[in-house]
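One structure is given below, encoded as structure tokens.
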Amino acid sequence: QVQVVESGGGLVQPGGSLKLSCTASGSIFTIITMGWYRQAAGKQRELVAITSGSGRINYTDSGQGRFTIVRHIGDNTAHLHMNNLKPEDTAVYYCHVNIVNVATFPSTSDYWGQGTQVTVSS
């Protein structure tokens, strides 16, 4: 089984910074993509940033400029560095991993972490 775990959320004042971390583990053959999504209360889940195994990175408007996603291949981790945080960044942040599972090769599967709360407030 594959497990995806996020950490690093918390309460921060406007203008502050946070680093979120995601670790994928288990019967992973290869990771196709790792990405960060967020979902604010009463809103739909939206993509923030995503990185492929080749290192290509895509940001949506929600993540462009202030956020940076960093992938560490050897550790199966992805970090989201968030700077100059604003109250509108308040949301549950989820890590998503698309992988080729050892047990079901060559088909792909999607896994989600449990989410980590980010609250930006004075």
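The values are calculated or read from the model by the stated rules, or taken from the named source; none is laboratory data. Note that the structure is predicted; figures quoted are calculated from it, not measured. Positions of Cβ are backbone-derived with ideal geometry, glycine not excepted, and every protein chain shown enters the neighbour counts. Please note that ligands, DNA and RNA were not included when accessible areas were found on the heavy atoms of the full protein model with its side chains. Shrake-Rupley method; radii C 1.70, N 1.55, O 1.52, S 1.80 Å.
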What number of residues in the stretch 46-64 are touching a Ser or Thr at 6+ places or on another chain (Cβ under 7 Å), part of a strand (DSSP E or B) and open to solvent by 30 Å² or more (accessible area, probe 1.4 Å)? 4
Tell me yes or no: at least one residue of the stretch 84-91 is in contact (Cβ under 8 Å) with a residue 12 or more places away in the chain and under 21 Å from Val5 (Cβ atoms). yes
Among the residues of the stretch 1-24, how many are at pLDDT 95 or above and either in a loop (DSSP other than H, G, I, E, B) or small (Gly, Ala, Ser) (or both)? 11
Cβ-Cβ under 9 Å, sequence separation 6+ or interchain: first residue in the stretch 56-74 and free of Cβ contacts under 8 Å to residues at least 12 places away in the same chain, partner assigned to a loop (DSSP other than H, G, I, E, B) and aliphatic (A, V, I, L, M). Which pairs? none
In the stretch 92-120, residues that are among the β-branched types (Val, Ile, Thr), touching a residue at least 40 places away in the same chain (Cβ under 8 Å) and open to solvent by 60 Å² or more (accessible area, probe 1.4 Å) total 2
Pick from the stretch 22-39 the residues that are of a type in the set (S, T, N, Q) and buried (at least 17 other Cβ atoms within 10 Å of the Cβ): which of them is farthest from Thr108 (Cα to Cα)? Thr23
Picking from Lys43, Lys19, which residue would you name as being open to solvent by 70 Å² or more (accessible area, probe 1.4 Å), out of contact with any Lys or Arg (no Cβ under 9 Å at 6 or more places or on another chain) and in contact (Cβ under 8 Å) with a residue 60 or more places away in the chain? Lys19
